[in-house]
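The values are calculated or read from the model by the stated rules, or taken from the named source; none is laboratory data. Bear in mind the structure is a predicted one, so any value in this text is a computation, not a measurement. Glycine also receives a Cβ, built like all others from the backbone with ideal geometry; neighbour counts cover every protein chain displayed.
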Amino acid sequence: MDVYVIGNGFDLQHLLPTKYINFLNVVNFLISYYDKENMKTVGDVFSKLANGINPLDDMPVPENDIVNNVRLSRCFFYVSDILRQIIENKGITKNKRSSKIPFSITEEQIARFEYSKEPISLSEISKRIFAVAENDNMEKITYKQMLQWLIEIGLLYVNSIDGEKSEKLPTEQGKQVGIAIENRRGHRGEYKVITYNIEAQRFIVDNIGAIIATINK
């Protein structure tokens, strides 16, 4: 079996349209052929990619997958936000800051959080938290923001792989809280997913105020 090792710049050397400006060209093309339903579908795909979700099966991608690369994630968020503006303004983009208010939630709302008896992913927890907030004019709380908080308080840590890739893993303290690693198999082979049992879900929900404070600081 032949193994080929390629590095950064390989795509550009072969004249592939993979520069940041090419993302913008795609967006401009979509604007010129505005179609609300198709635009929403494309926007949903970019939104899921930005949040580390495989748009084909709605499952979290492995932590060390290229989709979770910070630079790519920013591009996905950028394109997703542009498409959202296009849909909201019926084909017209507006160069202005988001008018959405920072995320917040009341004790009455968080009390309605739907706990899962089965371990679930952090993205599912963030989705359920936002669902009980019931305010579309508010910025969403993302699983990546919650992930960063869990790292900061020592329940997760970043494990470097070969000095290039990295993955998030639960610390011993995190395991005691109820955070675990689950091996799953998808169309691209086996991958790892961090799961949170009901006790870990309660820990996150009970500390939602601290998470919001960290996001807004």
* Of the residues that sit in region 112-130 and are of a type in the set (Val, Ile, Thr) and either closer than 22 Å to PRO102 by Cβ or outside the structural domain of ILE181 (by TED's automatic domain parsing) (or both), which one is surrounded by the fewest Cβ atoms within 10 Å (Cβ to Cβ)? -> ILE125
* Can you tell me which of SER123, SER116 is of a type in the set (Gly, Ala, Ser), within 21 Å of GLY52 (Cβ to Cβ), assigned to a helix (DSSP H, G or I) and touching a residue at least 40 places away in the same chain (Cβ under 8 Å)? -> SER123
* Structure fact -> When restricted to ALA213, ALA133, the only residue more than 19 Å from the chain's Cα centre (by Cα), in the same structural domain as PHE113 (by TED's automatic domain parsing) and under 20 Å from SER104 (Cβ atoms) is ALA213
* Could you check GLU182 against (1) surrounded by fewer than 12 Cβ atoms within 10 Å (Cβ to Cβ); (2) out of contact with any Ser or Thr (no Cβ under 9 Å at 6 or more places or on another chain); (3) outside any loop (DSSP other than H, G, I, E, B) and say which number it fails? => (2)
